[in-house]
Structures are given as C-alpha cells and as structure tokens.
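Okay, so here's the structure we're looking at.
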Amino acid sequence: MSPQRASSAGVQPLTTVGHPTPRIDAVERVTGKARYTNDVQLPGMLFARVLRSPHPHARITSIDVSNAHALPGVKAIVTHENGQVVWGSGSVAGGQQYSDEIKKITTHRRYTFNNPVRFVGEPVAAVAATDRHTAEEALHLIRVTYEVLPFVLEPEAALAADAPKIWPEGNLAVNNRNEPQPQVQRRGNVEEGFKASDHVFDARYSTAFVHNAQMEPRSAVAQWDGDRLTIYTPTGGIANCRTDMARDLGIPQEKVRVVCQYMGGNFGNKNQNQDADLIAAVLAKAAGAPVKLELSRKEDYIGMHGRWPTVQHYKIGVSNDGTLKAIQLRGFSGMGPYRKNSGAIAGTELYQCPNVESIVTPVFTNKTVSGNYRGPEFPQGFFGIQSMMDDVAAALKMDPTAFILKNMTRKFRDDTPYTNYSLEECLLRGMEMVRWKERWRPAGTDNGRLRRGLGVSFMAFRSGVGRSNAVARVNAKGDYTIHVGVTDVGAGAKTTMGVIAAEALRVPLSKVQVVWGDTETCPYSVGESGSRTTIMTGYAVIEAAKALMVQIAEQGLPAGDRVLTASSNPNPTVQGAVRNAFGAHFCEVEVEADTGRVRVTRYVTVHDCGRIINPLTASSQIVGGATQGIGMALHEDLVYDRRSGVPLTPGYYGARVMTHQDAVAIENVFIETDDGYGPYGAKSMGESSKVPAPAAVSNAVFNAIGVRVKDLPITRDKVLAALGGRA
Amino acid sequence: MSPTISRRRFLEGTGAAVVATTIAGPSGAQGTADITGTPPHAPGARTTRISLTVNGTARQIEVEHRWTLAETLRDHLHLTGTKIGCDRGECGACTVLVDDTPMYACSQLAIWMDGRHITTVEGLSANGQLDPLQQAFIDHDAPQCGFCTSGQLMSAKALLAANPAPTIDEVRAAMTGNVCRCSNYAHYTEAVLAASRQTDRRRV
C-alpha cells in the first residue's frame with residue numbers, strides 16, 4: 001500500500017529515493033531467520049533471572065542466598081552486597097544521560113542493585129544457572145528481609161511537606177546542575193498578558209504512565225573472552241551502549257563489543273545500555289561462562305521505563321476575537337525514583353503568543369521509572385495544551401480550526417523562521433479530506449444514544465540535522481558496502497540507508513550491501529532515537545558515497561582483492577532557522593452515551609516529513625504511530641493500587657494496548673518538501689504521527705459529547721461520569 | 001512434504017514407517033550446558049520422552065514436564081523463528097499450528113505434544129519458495145520490527161486454510177490474538193486479503 005503524496009514545488013523526483021521499496025531484510029523477517037537477541041545461543045551458556053522488590057519503598061536489612069547457592073545447577077548470584085555497579089545512564093541529573101560531564105556531577109546514583117529499593121520491580125538479586133527453570137527456582141530460595149518504608153505515588157503528593165522522602169534532599173528532581181529547580185521557560189510577561197486579555201481560562205489535565213511495550217521482552221547475552229566483553233542486547237544505539245558499558249564496568253571501550261542485528265521494537269530510551277546488560281556482564285564474569293539474562297513481560301513493564309505521567313495546569317488569556325495573549329503552564333511529571341530522562345512537557349511552542357510561562361517540575365515518586373517513549377515530552381503536552389485550546393475555542397464559540405489558524409506557530413517561538421513552513425497546508429489539506437467546513441458542528445450537538453464528533457490537532461516537531469558517521473566501500477566487481485552503526489529497531493533504517501546509498505552512488509539497490517548492528521564492523525553512528533537516523537546517518541551515507549565516487553573517478557575501480565574505502569563524519573548545521581516537521585490529524589468518533597464506549601470511525605493524518613525516502617516503510621511508521629496515540633488516548637494505563645503501591649496492570653491485557661480489532665484504517669497524506677537540509681530533504685518521521693494523536697482523539701470525544709474528559713485515558717467510566725455530571 | 005499437510009494425510013502417506021530422523025535433547029550431563037548452547041535438563045527434573053512431528057520431520061525429545069512448547073522449539077529444537085513476547089498467552093507472538101490449529105506455544109506444555117504435528121514459521125516456505133502469505137507480508141511491509149510476524153503468519157495461515165476468502169472483519173477477528181506494538185495492523189490485514197485473493201485465483 002502506498003500512501004497518497006502531494007509534492008510541493010521544488011521536490012525533484014529521484015531514481016531510487018522516493019519509490020516504494022520492500023525492506024532489504026524482508027525475507028529474514030518473514031521466515032524466522034532474523035536473529036534477535038534472545039535467539040543467540042552460545043556454547044556453555046547459562047540462564048539468568050532477576051529477583052525484584054515487592055515493595056514500593058523498603059530498606060533491605062538482610063539477604064541470604066545460601067539456600068539458592070546450594071541448589072544444583074546454580075552457578076552465580078549477585079546482590080547489592082557483591083554485584084553493585086553504577087548504572088550511569090539509569091539515573092543522571094537532569095536526565096541527560098548522553099553527557100559525560102553531567103554524569104560526573106550527578107549525585108543521584110543508580111546502581112544495578114540499590115538499597116533501599118524505591119519501586120516495585122527494582123532488582124534485588126540475580127541468579128545464573130544451567131537452565132532457566134533452575135534460575136527461577138533459585139529466586140524463590142533467596143531470603144530477603146525488608147524494613148518497609150512509607151511511599152508516595154503521585155507527583156503533586158510527593159511535593160507535599162510531609163511526603164516520604166525518596167532521596168535525602170527531597171522529591172523535586174534535580175536539573176543538570178544538580179539544583180532542585182523546575183524547568184522554566186519564559187517570554188514576555190504572563191501577568192501583563194492576563195491583564196490585557198478579555199477572557200482568562202484555567203483548567204487541569206493529566207496523562208497516564210504508558211509503557212513502550214515493544215514486542216521483544218528485554219534480554220541480554222554477555223560473554224567474556226579474558227578481559228573482552230561481547231554483549232548481545234536490544235539497543236537502538238550500539239555505539240552509545242558500548243560507551244555506557246565500558247564506563248560503567250571501568251574497562252576501555254575497545255574491550256567491549258555490542259551486537260544488535262534485529263530488535264523487536266524500540267520506542268524510546270534504548271540508545272544506551274540498560275541494567276540488564278550490566279547484570280548479565282557481572283554474572284558472566286562471576287560464573288566464568290556466557291550468560292543469557294531474560295526478563296518476563298511483567299518485568300519488562302515494571303522494571304524498564306515508560307512514558308512519564310503528567311499533571312498540567314493551564315491558564316490562558318485571550319481576546320474577544322480569539323487571539324492568544326498569555327499562556328501559563330504549571331506542570332508536574334512523575335519520574336519514578338530515578339531520573340532516566342528529562343520529564344519535560346512540550347506544547348507551549350505550538351502557538352504564537354507574546355506572553356508565555358512554562359514551569360515544569362519533574363518529581364521523584366515510588367512508581368516504576370519513567371523514560372522516553374516515542375516523542376518523549378510531546379504527546380502528553382500536546383494533549384494537554386491542545387485540549388485546553390479546544391476548550392477555549394468552544395467557550396468563545398469558535399470553530400477550532402479557525403482558532404488554530406489564527407494562533408498556531410508561524411515562526412519558532414515567534415522569533416526564528418522555519419527552514420520551510422507547511423503547517424497551514426497540512427491543516428487545510430486535512431480539512432478538505434474530512435470536509436470539515438460542511439461536517440463540523442459545535443460540541444455536544446448530538447443528543448441521542450450514539451453521539452458523533454470530529455476533532456483536530458496539529459504538530460510541529462524537531463527535525464534537526466547533526467553529526468553521524470558512515471563508511472562506504474567498493475570492490476573490483478563494483479559491489480558496494482555501506483557500514484552504518486544502526487540496528488534497525490523496526491522503522492526500516494537499514495533499507496533507508498541502502499536506498500540513500502544507491503541514490504548517491506547512482507547504482508541499483510541490489511549493488512549495495514548494508515553492514516549494521518555490530519560495533520566490530522560499524523563506525524559510530526548516532527543511535528536510533530529522536531527520529532534522527534534518516535536525517536543524520538542518512539546524510540553521512542551520502543557524504544561517504546560522494547567521497548568514494550571521487551576516489552573511483554580518480555583511480556577507477558580497484559583491482560583484484562583490493563577495495564576502496566571512504567568514510568564521512570559530517571556535522572551539518574542549520575543557520576538562522578529552525579528545522580521542524582509539521583502535521584495535522586483529524587479524528588472522527590462515535591460515543592455510546594449509555595455505555596461510554598468510544599469508537600474511532602475515521603482517522604486522517606497529513607504530514608510534512610520532508611522528502612519521503614521510502615513511501616512503503618514511511619506509511620508503516622505513520623500508521624503505527626497514530627495507532628499507538630489512539631491507544632494512549634483511549635485505553636493504556638499502568639494502574640497502581642494506592643494502598644500497597646503495587647502495579648496492577650503490567651502486561652498487554654492489563655494495560656490494554658491496541659489490537660487488530662481496535663485498530664482503524666489510518667488515511668495518510670504526505671506533503672513532500674525539500675528545504676535543502678538532511679538527505680535529499682528528508683525530515684523526522686518516527687515520532688511525528690504519535691505526538692498529535694491523543695489530542696485529536698480527545699478533541700473528537702469532546703466534540704461528540706460536549707464535555708471534556710481531562711484525564712487520560714478516556715475510558716468508559718470517565719465518559720459516563722462526564723455525561724452524568726452534565727445531566 | 002507440504003508444511004500444511006494434515007496429520008491424517010501424513011500418516012496415510014508414510015504408513016507406520018515413520019522414522020525419527022532426529023533425536024533431539026540435552027546431550028550434556030545433568031547440570032552442565034552442552035556445547036551447542038542447548039540448556040540441559042535441570043538436575044533432578046522429571047522428564048518424559050515424546051515423539052512429535054515438526055515441520056514434517058519426526059522428532060523425539062526428552063522433555064521436562066514444565067517445558068512449554070515455545071521454549072522446547074526455541075531452545076531444544078533450535079527453531080527460533082517462534083518468538084516469546086509475553087510467555088503468558090496475551091500477545092500471540094509464539095503462535096504455531098498444532099494439528100493445523102493455531103495455538104499459543106507459550107501456553108502448551110511440551111509433554112502434551114506427544115504424537116502431534118507442529119508447524120512453525122520455518123515450515124511455511126518449502127525449498128526456498130515463500131508461501132504466498134510471506135510474499136504478501138513483504139509486499140505490504142507488514143512486519144516492522146518483525147517480532148510478532150511469525151505469530152501473525154501462523155494465525156493467517158490457519159485462517160486461510162479454513163476460510164480461503166475472508167472479509168476484512170474476519171481477518172481482524174481471526175488475528176486479534178496477535179498483538180503488534182508497531183501497530184501495523186492495517187498492513188497485516190491488507191497483506192492477508194491480498195494473499196487470499198491470490199490463493200483464490202490459483203484455486204479457480
């Protein structure tokens with residue numbers, strides 16, 4: 001299936017780029033030959049399992065592993081007493097784990113095993129045995145005594161003066177200078193803005209913890225050869241994972257090899273190492289044998305990370321004609337007890353407004369750890385602010401598209417121009433597709449059992465250029481090889497790199513081989529996170545190809561067994577402009593007034609992701625992201641028991657991810673552009689379609705029932721409560 | 001031998017002369033991992049020898065009573081195309097055909113498989129020839145990360161065997177036990193419908 005595509009002027013057709021191309025590794029993916037981490041079996045390999053805390057906050061007073069050690073088949077056991085390694089990227093000041101400087105100053109150290117334990121699911125011990133059942137049995141034989149401590153689950157409650165302290169300094173997460181300060185952005189003066197407004201509105205919105213829930217449960221295989229470590233692990237960034245492993249284990253980078261050939265989904269915060277990698281490495285060293293550590297689905301849900309839950313208080317000042325005068329956000333993000341990432345809340349930048357103040361406070365809680373999940377701070381913030389603005393438009397009796405067209409960003413923060421601007425085109429195109437002007441009716445017009453609604457949202461999303469590396473080679477037969485440090489987490493990066501290389505080298509794709517997923521054979525490449533792979537590594541591929549073609553022009557193809565090699569390390573920048581991807585989503589719903597059931601009946605997306613390198617895989621990315629966003633809007637939640645602090649719904653059933661029968665057909669149009677940056681003008685894509693989706697669904701439900709459900713997910717009970725409250 | 005051949009037809013074709021071509025099972029002493037990376041039996045574990053047919057090949061294997069079919073296929077028969085996504089009957093990544101019926105291999109014990117015929121993703125293509133479903137999955141970019149793909153294929157295979165021309169709603173209903181977190185559901189259903197049209201044409 002090819003998506004519809006509309007080209008803006010200036011996008012010249014190319015030979016290989018821009019044509020629907022099946023993945024170069026598609027046969028491996030449909031025959032079971034693709035080798036994922038857990039498919040690795042090594043001679044003499046042991047199996048490892050992790051014992052996890054049943055308490056949300058507790059001090060370990062004793063831990064007795066003697067019975068477990070005595071079980072035949074058990075080869076090694078590690079706990080906080082004998083296997084404590086600093087996990088540098090597990091918790092860092094400000095959540096900026098990619099910076100060595102920030103790592104040095106951080107005071108909130110997270111170890112592979114911590115005492116006290118601070119969330120249900122935190123590792124307490126790990127066992128390696130000759131088979132997984134013996135390892136599991138051994139976990140039951142470890143005797144741990146805990147001194148149970150008071151806990152706190154919600155970010156606002158965690159800031160109360162009498163809240164249990166998760167860290168000695170308190171629960172306000174520190175910034176990257178180790179200061180307990182919220183993240184503050186200001187322009188203009190909001191108080192002046194409110195004074196100058198005809199109307200001032202305020203409201204509170206919240207979003208839930210949503211897990212990445214990639215299909216591949218985490219595992220890691222560690223093998224030592226003397227002082228050299230090979231680690232097979234699902235990582236989106238083999239190079240960053242290697243740096244992390246070397247730093248945490250205190251060994252030189254050259255002694256670490258990271259392999260990830262196939263990865264069963266990423267969706268965020270995997271451009272690094274994980275505690276499972278370190279635990280596997282420590283166990284393998286202790287046992288003197290290779291170790292495969294496996295996490296169960298439940299452990300993956302509560303032991304890794306998911307999207308940080310947020311509380312967002314907005315105060316909006318607006319004039320009679322709907323022009324924004326002031327935007328104020330006071331936001332709180334629940335980070336769990338460790339700062340795995342930023343905890344930011346995006347969205348104020350979507351609007352033109354002279355007076356903006358955003359104060360976001362990431363807070364430590366005793367829930368599972370929060371981290372990046374597909375557009376880390378965007379879907380939450382875009383849901384909050386675009387629901388708020390939709391409510392403001394309704395209060396002013398304005399068509400929401402008119403409100404958006406009047407107030408949406410035209411320059412970045414009203415100041416810096418964009419490299420190209422297609423946001424208005426995206427909106428107008430989508431309005432045409434759903435026949436908005438004919439079909440939109442004010443919120444709550446329907447009064448029957450079945451209430452129909454139409455909602456809109458939009459996005460502007462970072463699409464920056466930056467440094468990456470690639471190596472290109474050619475042999476005497478004219479076969480080309482491209483070496484890139486990508487792992488292909490599912491988005492199709494390997495194929496994208498091949499297509500870009502074929503275009504740049506002016507050869508058919510069949511003449512290009514891509515080498516990937518192994519630090520032994522690949523140069524450093526920016527890892528697969530932040531929708532950067534195509535833009536940054538794709539650009540490096542073009543530069544390497546160009547350099548190789550210069551050599552070929554000068555020397556001809558190499559003779560015999562010789563190869564020509566060219567490498568590139570470009571670091572392009574954008575001068576005097578901001579590079580963004582743009583898009584608009586339109587959602588139609590039917591709400592059953594008697595049951596509260598919401599059904600998405602039509603979903604239209606329009607995206608400017610620059611030039612589309614491979615329309616086939618691009619449409620998969622857009623459809624998948626939007627569908628995940630609908631799930632976040634309507635179902636997904638990790639529910640906690642408030643009295644025990646235990647997560648109740650870790651898993652696919654409990655957290656209610658989208659299934660075949662939930663999924664709707666997503667109609668997508670690409671507005672193709674070429675702003676002269678990136679590989680042939682390609683912009684960010686992987687996160688694009690996720691970030692505006694919850695807002696579009698929220699606005700459609702509001703339009704259907706005339707009442708706003710302000711807390712995600714929009715489940716039946718909340719819809720019924722909203723309708724009951726109105727009657 | 002056709003990977004989808006029924007058990008009855010298989011028995012008719014080969015009579016009683018079914019010879020176990022492989023005796024799989026832990027070869028190392030108890031408590032030591034063997035050189036292939038196959039985990040050994042746990043010390044003292046209760047085991048039973050079973051005979052089953054996997055992708056048309058008769059196999060015998062000494063299984064621990066607690067082994068699931070999924071781990072037996074992956075760890076002991078080295079058929080790692082079957083993936084374990086949840087190991088508790090929620091996601092369908094481990095779906096295989098047991099006597100032509102799609103089942104979650106994580107929720108079947110290996111000892112229940114004595115005398116059964118199992119088809120895994122490795123059994124779908126014969127002699128390097130892809131099954132029409134596999135080709136349709138490629139053409140429609142159905143797999144993204146690919147981790148749920150084997151299970152999606154096996155559910156689709158069973159559906160088309162029972163219903164060669166399903167409607168889109170029938171495809172969704174038959175495959176709704178197969179979660180795809182990349183959420184490429186539309187591409188999966190389009191691929192199954194395309195394969196069904198192709199198979200239908202060949203039948204006519």
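The values are calculated or read from the model by the stated rules, or taken from the named source; none is laboratory data. Remember, predicted model here, so these are calculated numbers, not experimental data. No Cβ is skipped: glycine too gets one built from the backbone with ideal geometry, and neighbour counts run over all protein chains shown. When the accessible area is computed, the model is the full protein with side chains, heavy atoms only, and any ligands, DNA or RNA have been set aside. Shrake-Rupley method; radii C 1.70, N 1.55, O 1.52, S 1.80 Å.
Assorted remarks:
- Calculated FRET value between A:Ile552 and A:Ala402, using beta carbons and R₀ = 51 Å, to 0.05: 0.35
- The stretch B:132-203: C-alpha gyration tensor shape, a/c 1.5 cut-off, then a/b vs b/c: prolate
- Annotation: B:Asp169 carries an accessible surface of approximately 100 Å², with a 1.4 Å probe and no ligand, DNA or RNA atoms counted.
- Fully extended contour minus Cα-Cα distance, from A:Arg187 to A:Glu254, at 0.36 nm per residue: 19.4 nm
- Reach of B:Lys83 by Cα under 15 Å, taken over aspartates and glutamates that are not fewer than 8 positions away in the same chain: A:Glu28, A:Asp39, A:Glu216, A:Glu294, B:Glu71, B:Asp75, B:Glu122
- Counted residue by residue at 0.36 nm each, then reduced by the alpha carbon distance between them, the extension gain from A:Ser510 to A:Ala70 reaches 152.7 nm.
- Separation of the A:Ala161 and A:Glu432 label points, Cα + 7 Å toward Cβ, nm: 6.1 nm
- Across the cross-link table entries A:Lys270/A:Lys340; A:Lys315/A:Lys437; A:Lys165/A:Lys270; A:Lys33/A:Lys511; A:Lys103/A:Lys340, which are compared at the Cα atoms, the separations over 18 Å belong to A:Lys315/A:Lys437; A:Lys165/A:Lys270; A:Lys33/A:Lys511.
- Whichever aspartates and glutamates have a C-alpha closer than 15 Å to that of A:Lys104, once near sequence neighbours (fewer than 8 apart) are set aside: A:Glu179, A:Asp244, A:Asp248
- Difference of contour (0.36 nm per residue) and Cα-Cα distance, B:Thr48 to B:Arg66: 5.4 nm
- Interface A:B - total buried accessible surface [probe 1.4 Å, Å², rounded to 100]: 5000 Å²
- With the whole protein complex present, A:Tyr539 retains an accessible surface near 60 Å², based on a 1.4 Å probe.
- In plain terms, the C-alpha convex hull of the stretch A:575-630 casts an average shadow of 5.5 nm² when viewed from every direction.
- Put simply, the C-alpha atoms of the stretch A:113-168 give a gyration tensor, and the ellipsoid matching it has half-axes of 33, 11, 9 Å, longest first.
- Centre-to-centre separation between the Cα atoms of the stretch A:419-471 and those of the stretch A:635-686: 16 Å.
- Its alpha carbons considered, the stretch A:212-309 gives a radius of gyration followed by a Dmax of 13.0, 44 Å.
- Taking a sphere under 14 Å around the Cβ of A:Gly651 and counting the other residues whose Cβ falls inside, with K and R at +1 and D and E at -1, yields a net charge of -1.
- Antiparallel DSSP beta bridges within the protein assembly as shown, percent to nearest 5: 75 percent
- Cα gyration tensor category, rounded, prolate or oblate, for the protein assembly as shown with a/c compared to 1.5: rounded
- Spacing of the two label points (7 Å from each Cα toward its C-beta) at A:Asp594 and A:Thr573, in nm: 6.5 nm
- Each residue of the stretch A:52-66 was assigned a 3J(HN,Hα) from its phi angle through the Karplus expression (A = 6.51, B = -1.76, C = 1.60, θ = phi - 60°), giving 10, 5, x, 10, x, 6, 7, 9, 7, 8, 7, 9, 10, 9, 5 Hz with x at Gly and Pro.
- Projecting the alpha carbon convex hull of the stretch A:315-442 along each direction and taking the average yields 9.4 nm².
- Estimated at the nearest 10 Å², the accessible area of B:Thr80 is 30 Å² with a 1.4 Å probe.
- Heavy-atom surface of chain A, accessible at 1.4 Å and reported per residue (Å²): 33 Å²
- The relative contact order of chain A, computed from alpha carbon pairs under 8 Å that lie at least 6 residues apart in sequence, is 17 percent.
- Accessible area per residue in Å² at 1.4 Å probe, computed on the stretch B:132-203: 31 Å²
- Normalised by 2.2 N^0.38 Å, with N the number of residues, the alpha-carbon radius of gyration of the stretch A:580-684 equals 1.38.
- Surrounding net charge for B:Asp87, when Lys and Arg each add one and Asp and Glu each subtract one, Cβ distance under 10 Å: 0
- Helical contribution to [θ] at 222 nm, DSSP H n ≥ 4, -39,500 (n - 2.57), averaged over chain A, rounded to 500: -7500 deg cm²/dmol
- Take the Cα of A:Glu147, step 7 Å toward its Cβ, do the same at A:Ala395, and the gap between the two points is 5.0 nm.
- For chain A, the fraction of 1.4 Å probe accessible surface lying on carbon and sulfur atoms is 49 percent.
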